[in-house]
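The values are calculated or read from the model by the stated rules, or taken from the named source; none is laboratory data. Small disclaimer: the values here were computed from a predicted structure and weren't measured. Reconstructed Cβ throughout: ideal geometry from the backbone, glycine too, with neighbour counts over all protein chains shown. Only protein heavy atoms, including side chains, enter the accessible area calculation; ligands, DNA and RNA are left aside. Shrake-Rupley method; radii C 1.70, N 1.55, O 1.52, S 1.80 Å.
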Amino acid sequence: AAEALDPATALEHRVLLSLWPLLQVPRPALLALRDSLLRWKAAAGPDEGSLTVAHGAVHPYLRLYLLGLLSSRLGDHAPALDYAAQLERRAGTSFAPAFVGDLSRTLRAEVARARGRPEEALATLDSAVFWARGEDLDLTGSSPFYEHEYEQFARAELLDTLGRYEEALQWHRAIA
C-alpha cells in the first residue's frame, strides 16, 4: 500500500525488512529486490510527496547500502565491498559524512560476518560513529535507517555468536 504513495521509501523499507536475520526470504525474492534497486535511479531531492520527507537526501546512499547488504546476503562479497568503497568515496562530499561512512562500515561488517569472522565483524561495526551518537544527522525516530535498527540487531547477533550472552541480551532488549 505504501508503494502507491511513495515508491522509493517503500522499496527501501521492503529491502531492509527482507534482510532481517529473523526472516528466511527465498533467494529468488532477494534477487528480485536487488534487480529493483539496480533499476531504480535514486536521486537526492526534497521528496515532498514522500511519506518520510527525511529520506530525500539519503536515497542514493541507501540504494548503495541496500545493494551491499543484499550482495552480502546472496554471497556476492566482492560487489558488497565495492558498494562499501563507493560509500566511503562519497562520504566526504555527502550531506552527512559520518552517516554515509557508517553505512560503509556496516557493509564491511556484514561481509566479515558472512565469511565467518564474527570478531572482525563486531570490531568493524563497533568503529561506527553512530554508537557514540556523534552523527551529523539531526533526524531521528523517523526512520529505521537513521535509528540504525539493523545494526543494533546485527550487533546483538554477533555478541551472541561470540558467547557474550549478557551483552547480546541487553542489545536485544534495547531493540524491543
Which pairs have Cβ atoms under 6 Å, sit 6 or more apart or on different chains, and link a residue in the stretch 46-73 that is at pLDDT 70 or above to one that is of a type in the set (Gly, Ala, Ser) and assigned to a helix (DSSP H, G or I)?
59/8; 68/80; 68/84; 71/80; 72/80; 72/114
Within the stretch 145-166, residues farther than 17 Å from residue 120 by Cα, open to solvent by less than 70 Å² (accessible area, probe 1.4 Å) and among the acidic types (Asp, Glu) come out as 147
If I ask for residues that are touching a Phe, Trp or Tyr at 6+ places or on another chain (Cβ under 7 Å), part of a helix (DSSP H, G or I) and over 10 Å from residue 104 (Cα atoms), which ones from the stretch 55-86 would you list?
62, 63, 67, 71
Looking at the stretch 127-135, is at least one residue buried (at least 17 other Cβ atoms within 10 Å of the Cβ), modelled with pLDDT of 95 or more and under 17 Å from residue 16 (Cβ atoms)?
no
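May I ask you to list the residues in the stretch 1-28 that are assigned to a loop (DSSP other than H, G, I, E, B), open to solvent by 90 Å² or more (accessible area, probe 1.4 Å) and over 17 Å from residue 75 (Cβ atoms)?
Filtering the stretch 1-28 down to residues assigned to a loop (DSSP other than H, G, I, E, B) leaves 1, 6, 20-26.
Still in the running and open to solvent by 90 Å² or more (accessible area, probe 1.4 Å): 1, 22, 24.
Within the stretch 1-28, 1, 22 qualify.
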Filter the stretch 33-43 down to the residues that are exposed (fewer than 12 other Cβ atoms within 10 Å of the Cβ) and part of a helix (DSSP H, G or I) and list them by number.
35, 38, 39
Report every pair of residues separated by at least 6 positions or lying on different chains whose Cβ atoms are under 7 Å apart, first residue within the stretch 102-120 and surrounded by 22 or more Cβ atoms within 10 Å (Cβ to Cβ), second among the acidic types (Asp, Glu) and outside any loop (DSSP other than H, G, I, E, B).
104/88; 106/151
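Would you say residue 173 is surrounded by 15 or more Cβ atoms within 10 Å (Cβ to Cβ) and modelled with pLDDT of 90 or more? Talk me through it step by step, then tell me what you get.
Values: surrounded by 15 or more Cβ atoms within 10 Å (Cβ to Cβ): no; modelled with pLDDT of 90 or more: yes.
The answer is no for residue 173.
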